[in-house]
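Each value in this text was obtained by applying a stated rule to the coordinates, not by laboratory testing. Remember, predicted model here, so these are calculated numbers, not experimental data. Here the Cβ positions follow ideal geometry from the backbone for every residue, glycine too, while neighbour counts run over all protein chains shown.
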Amino acid sequence: MDFILMTEGDTPVGLTHEHRDRELIEEVLLAERVGFDAFGRSEQHVALGATSVAAHAAREVWNG
């Protein structure tokens, strides 16, 4: 049997999209450590020029 952690990717009032994406990345890492087989989340689409907030935040996280 597989166990999948599903979560909302919405950003609460008062937080930035980048902050919420960083939280979600931490949730993914924790889910992996405790043995979940997969992780799913909803998407937020907010355009900043030609890129989305989520894409920008992910790039910043992975690039340090």
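Summarising the label geometry, the points placed 7 Å from Cα in the beta-carbon direction at D2 and V28 lie 1.6 nm from one another.
A cut-off of 5 Å between modelled amide H atoms, ignoring neighbours fewer than 5 places along the same chain, links T7 with G40, R41, S42.
Rounded to the nearest Hz, the phi-derived 3J(HN,Hα) couplings of region 32-40 under the Karplus curve 6.51 cos²θ - 1.76 cosθ + 1.60 (θ = phi - 60°) are 5, 5, 8, x, 5, 8, 7, 9, x, where x marks glycine and proline.
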